1. Which numbered condition trips up Ser315, out of (1) open to solvent by 50 Å² or more (accessible area, probe 1.4 Å); (2) under 21 Å from Phe12 (Cβ atoms); (3) assigned to a loop (DSSP other than H, G, I, E, B)?
2. For residues that are open to solvent by less than 10 Å² (accessible area, probe 1.4 Å), in a strand (DSSP E or B) and β-branched (Val, Ile, Thr), tally how many sit in the range 123-152.
3. Can you spot a residue in the range 123-144 that is under 24 Å from Cys199 (Cα atoms), aromatic (Phe, Trp, Tyr) and out of contact with any helix residue (DSSP H, G or I) (no Cβ under 7 Å at 6 or more places or on another chain)?
4. State whether the residues of the range 216-223 include one that is part of a strand (DSSP E or B), within 25 Å of Thr372 (Cβ to Cβ) and open to solvent by 10 Å² or more (accessible area, probe 1.4 Å).
5. Is it true that Glu312 is among the acidic types (Asp, Glu), modelled with pLDDT of 90 or more and more than 30 Å from Ile507 (Cβ to Cβ)?
6. Quick test for you: out of Gly56, Gly17, pick the one residue that is assigned to a strand (DSSP E or B), of a type outside the set (Phe, Trp, Tyr), open to solvent by 10 Å² or more (accessible area, probe 1.4 Å) and more than 30 Å from Asp163 (Cα to Cα).
7. Which of the residues belonging to the range 171-193 are open to solvent by less than 30 Å² (accessible area, probe 1.4 Å), part of a loop (DSSP other than H, G, I, E, B) and either in contact (Cβ under 8 Å) with a residue 60 or more places away in the chain or closer than 26 Å to Asn386 by Cα (or both)?
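The values are calculated or read from the model by the stated rules, or taken from the named source; none is laboratory data. Here the structure is a predicted model, which means the values were calculated and not measured. Quick reminder, even Gly has a Cβ in these numbers, built from the backbone with ideal geometry, and neighbours come from all protein chains shown. When the accessible area is computed, the model is the full protein with side chains, heavy atoms only, and any ligands, DNA or RNA have been set aside. Shrake-Rupley method; radii C 1.70, N 1.55, O 1.52, S 1.80 Å.
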Amino acid sequence: MSWHSQYRSSKFRHVYGKAASKEKCYDCVPITRNVHDNHFCAVNPSFIAVVTECAGGGAFLVIPIKQTGKLDPHYPKVCGHKGSVLDIKWNPFNDFIIASCSEDTTVKIWDIPNQLLKRNITSPKKELVGHARRVGLIEWHPTADNIIFSSGYDYKIMSWNLDVKEAVLSMPVKILDAHEDVVLSMSFNTDGSLLATACRDRKIRVIDPRAGTVLQEASYKSHRVHKVLFLGNMKKLFSTGTSRWNNRQIALWDQNDLSVPLLEEDLDGSSGLLFPFYDSDTHMLYVVGKGDGNIRYYEVSPEKPYLNYLMEYRSHLPQKGIGMMPKRGLDVSACEIFRFYKLIPTKNLIEPISMIVPRRSESYQEDIYPLTAAARPALTAQEWLNGVNRGPLLVSLRPGSEAVSSLPQFLEPEPLTKTTELSQQQGWGRRMPLEDKQKPREIEDGGRRLKVEEKLPKNEQMCLSNGFDIFEYPPPKTENELLQMFYRQQEEIRRLRELVNQRDVQIKQLELDLRNLCTDTGSY
């Protein structure tokens, strides 16, 4: 294929997929037999939800993410729908709120308790009644709180504001009536100002979700689109579908010109659907085949050849659906950059698959974990409805880091500073007392003496030089002692570098705080 370069320098060239061991899978899960083309699985750092079989209506299971192994056959369900559940999505800003849509034409919002479920949940927090036919897709807004979109077989997309007191909503905020057939896929861009749709009439549309106007429309005959996806801020769309000869096909589009695709490639002759997933942090694109066990992954670049094939994860167990863990739930100590949850109905099994960058070091790898979207909304529902656009708030995945808030609480920065400058810091709000929390430590480097403010335990009172007690370790007298001293100094240098990197991240977070504050003050 045209994007299979012979050699290309990339930190993700050797990413590999690793299936979880049997003990870390979810066994005896009655996965739905519904033939609807959807993921049937939703994951967040607290729970995994999967659509299941239920007599006399629709239901799904909500399992704590750490409760692996065999599932109790009498485990409680969320079963308030009168028809089969077709789609489920977790609220991106609240791990205990999930939305579901069904063949009974309704969308329901559920509150999931913090503790283990002990009985079935039958009463939803809110119910959205507006579609005339079954609802096949739901999608939360990526940056605005309590805004959700639903798409039904009545060819309409409805936007709902959940920030109201009523438990039953029958009037959506906006009805997008621009489609002539069933909508097969919906995808927002990064700030939620544009909505891309794939329709059964073989057209891709880019829509203004507030006004409902169609900004771009593709009617390319040789690509029958099934799924469409915004590629972050790259101003490109990625779609999967079939060619004229019913081969599975992928295509890449310029979002401002959908007349002809930038790239179009046939993959294979299988009949299963292709689900695309995009990681905007690493610019990696994953293509998951329904009905087979393969996961292809690529690296996306803004210039030609656009898609760079990396590798393919292969398995003999076919997947019916797939779930994706948000970045904040990954294991950064294992260099995990993506995690899928594969539904295998033939074995009633949910199998986690981790995509891992092979690294020898066990320390935090900042180059593969840039700042990512936080679990906090950047906008209220009313702000978004009033026309405000804002990108997602960002957070570092480094353990102990906190999300960037749109209304920041200013703290005193912690970069390396000279002693004479500590009393002259200005512009960071109210200062916090440092006497009880931090102690100075002197470092000798080329005749210059700097003081570093570093958190130390209160009971640790000793004179330190290069990270060890100079009274406990006198000057070396033998070659062996000299080597030991050298290794300790190397370890201290490594620790100090990590400390500097951590403070660089804190500086970036404070800069983003200031930027968000300026945006907030400017909007008022």
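1. The number of the failed condition is (1).
2. Applying the first criterion (open to solvent by less than 10 Å² (accessible area, probe 1.4 Å)) to the range 123-152 yields 128, 135-136, 138, 141, 143-144, 147-152.
Pick out the ones that are also in a strand (DSSP E or B) and you get 128, 135-136, 138, 144, 147-152.
Next, only the ones that are β-branched (Val, Ile, Thr) stay: 135, 138, 147-148.
Qualifying residue count for the region: 4.
3. So the first thing to find is which residues in the range 123-144 are under 24 Å from Cys199 (Cα atoms), and the list is 128-142.
Now restrict to residues that are aromatic (Phe, Trp, Tyr): 140.
Subsequent filtering for residues that are out of contact with any helix residue (DSSP H, G or I) (no Cβ under 7 Å at 6 or more places or on another chain) retains 140.
Within the range 123-144 (the criterion being under 24 Å from Cys199 (Cα atoms), aromatic (Phe, Trp, Tyr) and out of contact with any helix residue (DSSP H, G or I) (no Cβ under 7 Å at 6 or more places or on another chain)), the answer is yes, since at least one residue qualifies.
4. Restricting attention to the range 216-223, the residues satisfying the condition of being part of a strand (DSSP E or B) are 216-218.
With the extra rule that they be within 25 Å of Thr372 (Cβ to Cβ), the set shrinks to none.
The answer is no; no qualifying residue exists.
5. Working: among the acidic types (Asp, Glu): yes; modelled with pLDDT of 90 or more: yes; more than 30 Å from Ile507 (Cβ to Cβ): yes.
Taking the combined requirement at face value, the residue satisfies it.
6. On the way: Gly56 fails: assigned to a strand (DSSP E or B).
When all the criteria are applied, what remains is Gly17.
7. Our first condition is that a residue be open to solvent by less than 30 Å² (accessible area, probe 1.4 Å); within the range 171-193, this holds for 172, 176, 178-179, 182-183, 185-189, 192-193.
The next check asks that each one be part of a loop (DSSP other than H, G, I, E, B); those that pass are 172, 178-179, 182, 189, 192-193.
Those that are open to solvent by less than 30 Å² (accessible area, probe 1.4 Å), part of a loop (DSSP other than H, G, I, E, B) and either in contact (Cβ under 8 Å) with a residue 60 or more places away in the chain or closer than 26 Å to Asn386 by Cα (or both): Pro172, Ala178, His179, Asn189, Gly192, Ser193.
Condition check ((1) modelled with pLDDT of 90 or more; (2) basic (Lys, Arg); (3) open to solvent by less than 50 Å² (accessible area, probe 1.4 Å)) across all residues:
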| position | (1), (2), (3) |
| --- | --- |
| Phe340 | yes, no, yes |
| Leu343 | yes, no, yes |
| Thr346 | yes, no, no |
| Ile350 | yes, no, yes |
| Ile353 | yes, no, yes |
| Ser363 | no, no, yes |
| Ile368 | yes, no, yes |
| Ala374 | yes, no, yes |
| Ala378 | yes, no, yes |
